[in-house]
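So the structure is just underneath, and the comments pick up after that.
The values are calculated or read from the model by the stated rules, or taken from the named source; none is laboratory data. As the structure is a computational prediction, the values presented were derived from the model and not from experiment. Note: ideal-geometry Cβ built from the backbone for every residue, glycine included; neighbour counts use all protein chains shown.
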Amino acid sequence: MDWMERVGNLRQWARNGVRAPHKPLLLLYALGRFRRCPDDDLRYSDVERDLRELLQDFGPTRPTSPSYPFHHLVSDEVWEVRTDAGAGSPGSGVQVLRESGARGQLAPGLRAALVADPSLLGRLTQLLLDVHFPPSIHPDIAASVGLDLEGAGPAPLAAGAVRDRRRRAVELRRDVLVAYEYRCAFCGFDGALGRVPVGLEAAHVQWWAFQGPDDLANCLCLCSLHHKLFDRGALGLDADRNITVSREFVGRGGAARSQVLGLSGQGLLGPQSGSDRVAAERIAWHTAQVFRGAARVPEPA
């Protein structure tokens, strides 16, 4: 059984680039629990809160329930569900999962493969993160589910594909930094060590994992802080390409006020004349799929 292929091909509801990472998040959670307690199953009523918080933190912006992946992941043959009455999931309803004593666990063959090849857990972890989430938030997700990325190994692509992807990433970063004149489009940070820029990154607006292209019309030059906040949905852009700040972001100190809250309503810095600006359809995707809730009203100057 090729578990890398099976996990890489999880069936998910999809339409017009809508994010639905319910199954990947549940599987990452289950891998984290397996790492700590290989023999334990996961009673739905015990893990429901954990799964709901995971979906709130890293899932889509629309309301969702962990009962959906708990039931439907069975169809991908990497997960099994039993109830107090025996094998088989009782359905995707929250109440029936609670009342039936539903318990989920990685499929027996997958558990055996993880025991036989300890490196498989790290490779599956990296695969799920690469396919469904941007690199800037991989460490946050891994920490939330109790997984360690240090032993995850290389990206689960063919060697030639890895080289091509890395080459494109290097070229894209160079093009983005030039277009934005080596400064963060949100705050203007332009740090360097000697001639080498530090803390500046090419940020996709529509994530690469969701068909976001590697071009200037889908990228911004952002410092590491604002890249992370942009990918987590704390920061965004409106239709006029002004910076938006989520009302869900809270920061009471001076640094949070100056570096995040104070950005609300400000225009982007760049790109330079002749470079493509971020396309409206990419901004619309980020607003619908990543940005958290409503935007704050800018404070009077």
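Can you give me the ranges of the helices (runs of 4 or more DSSP H) entirely in region 91-144 with at least 3 residues that are within 20 Å of ALA169 (Cβ to Cβ)? Result: 119-132. Taking the stated definitions as given, is THR83 under 19 Å from GLN289 (Cα atoms), surrounded by 14 or more Cβ atoms within 10 Å (Cβ to Cβ) and touching a helix residue (DSSP H, G or I) at 6+ places or on another chain (Cβ under 9 Å)? Spelling it out, it is not the case that THR83 is under 19 Å from GLN289 (Cα atoms), surrounded by 14 or more Cβ atoms within 10 Å (Cβ to Cβ) and touching a helix residue (DSSP H, G or I) at 6+ places or on another chain (Cβ under 9 Å). Taking the criterion of being more than 15 Å from the chain's Cα centre (by Cα), surrounded by 14 or more Cβ atoms within 10 Å (Cβ to Cβ), of a type outside the set (Gly, Ala, Ser) and modelled with pLDDT under 95, would at least one residue in region 127-139 satisfy it? No, region 127-139 has no match at all. Among the residues in region 224-234, are any part of a loop (DSSP other than H, G, I, E, B), at pLDDT 95 or above and surrounded by fewer than 16 Cβ atoms within 10 Å (Cβ to Cβ)? Checked against the condition, which is being part of a loop (DSSP other than H, G, I, E, B), at pLDDT 95 or above and surrounded by fewer than 16 Cβ atoms within 10 Å (Cβ to Cβ), region 224-234 yields no hits at all. In this structure, does GLY188 turn out to be part of a loop (DSSP other than H, G, I, E, B) and within 20 Å of the chain's Cα centre (by Cα)? Spelling it out, it is not the case that GLY188 is part of a loop (DSSP other than H, G, I, E, B) and within 20 Å of the chain's Cα centre (by Cα). The single residue among GLY265, GLY270 that is within 20 Å of LEU200 (Cβ to Cβ), touching a residue at least 12 places away in the same chain (Cβ under 8 Å) and surrounded by 14 or more Cβ atoms within 10 Å (Cβ to Cβ) turns out to be GLY270. Beta carbons closer than 6 Å, at least 6 apart along the sequence or on distinct chains, pair a first residue in region 122-135 that is touching a residue at least 40 places away in the same chain (Cβ under 8 Å) and over 15 Å from ALA30 (Cβ atoms) with a second that is among the small types (Gly, Ala, Ser) and assigned to a loop (DSSP other than H, G, I, E, B) for ARG123/GLY153; ASP130/ALA155. Looking only at residues that are of a type in the set (Gly, Ala, Ser) and over 17 Å from GLU99 (Cα atoms) in region 55-81, which one is nearest to the chain's Cα centre (by Cα)? Top of the filtered list is GLY59.
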